[in-house]
Amino acid sequence: MIKIRLARLGAKKKPVYRVVVADSRNARNNGRPVATIGTYDPAKDAATRLTIDAESALAWLGKGAQPTDTIRSLFKKAGIMAQFEASKK
C-alpha cells in the first residue's frame, strides 16, 4: 500500500521532516520514496511550518495513497483534505 508520511531529517533534537509518498512496507527512512511532495519543520512558526505541493498531494490522494494520521491532520490544517473531499463529489 502506498502511504503519504513523514521521513525524518535534521540533527539530534532538531528534527525536520519531508512529506513523502512511499511504500508502507519499507521502514521510515529506508529505501527510496516514490515522491517527495513537501517539508514540515515543527520549529518554525505556524504559518511557514508546512510547505506542500498541493497539486501533487491531491493527485496522490486521488490515486489512492493513504495519509498517515499526522499527515491527515496537517493536510486538514492546510485545507488539502477539504479540497480532496470537494473534488470527490
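The values are calculated or read from the model by the stated rules, or taken from the named source; none is laboratory data. The structure presented is a predicted model; accordingly, all values stated were derived computationally and were not measured. Methodologically, a virtual Cβ is constructed for each residue, glycine included, from the backbone with ideal geometry; neighbour enumeration extends over all protein chains shown. Remember, those area values only see protein heavy atoms, side chains included, never the ligands or the DNA or RNA. Shrake-Rupley method; radii C 1.70, N 1.55, O 1.52, S 1.80 Å.
Of the residues PRO67, PRO42, which is without any contact (Cβ under 8 Å) to a residue 60 or more places away in the chain and either surrounded by 14 or more Cβ atoms within 10 Å (Cβ to Cβ) or at negative phi (or both)?
Details: PRO67 fails: without any contact (Cβ under 8 Å) to a residue 60 or more places away in the chain.
So the residue among PRO67, PRO42 that is without any contact (Cβ under 8 Å) to a residue 60 or more places away in the chain and either surrounded by 14 or more Cβ atoms within 10 Å (Cβ to Cβ) or at negative phi (or both) is PRO42.
If a residue must be free of Cβ contacts under 8 Å to residues at least 24 places away in the same chain and in a strand (DSSP E or B), how many such residues does segment 47-58 contain?
Residues meeting the conditions: 1.
Of everything in segment 16-35, what is under 20 Å from SER73 (Cβ atoms) and of a type in the set (S, T, N, Q)? Give them in sequence order. Talk me through it step by step, then tell me what you get.
Filtering segment 16-35 for residues under 20 Å from SER73 (Cβ atoms) gives 16-22, 24, 28.
Passing the criteria: only SER24.
Filter segment 19-39 for residues that are surrounded by 12 or more Cβ atoms within 10 Å (Cβ to Cβ) and of a type in the set (A, V, I, L, M, F, W, C); which is nearest to the chain's Cα centre (by Cα)?
VAL19
Go over the candidates LEU74, LEU9, LEU61 one by one and state the one that is hydrophobic (A, V, I, L, M, F, W, C) and either open to solvent by 60 Å² or more (accessible area, probe 1.4 Å) or in contact (Cβ under 8 Å) with a residue 60 or more places away in the chain (or both). Please lay out each step first, then the result.
On the way: LEU74 fails: either open to solvent by 60 Å² or more (accessible area, probe 1.4 Å) or in contact (Cβ under 8 Å) with a residue 60 or more places away in the chain (or both); LEU61 fails: either open to solvent by 60 Å² or more (accessible area, probe 1.4 Å) or in contact (Cβ under 8 Å) with a residue 60 or more places away in the chain (or both).
Just one listed residue meets the conditions, LEU9.
When segment 26-39 is examined, which residues are found to be touching a residue at least 12 places away in the same chain (Cβ under 8 Å) and either of a type in the set (D, E, K, R) or not in a loop (DSSP other than H, G, I, E, B) (or both)? Spell out the reasoning first.
Taking segment 26-39 and keeping what is touching a residue at least 12 places away in the same chain (Cβ under 8 Å), we get 28-29, 33-39.
Correct list: ARG28, ALA35, THR36, ILE37, GLY38, THR39.
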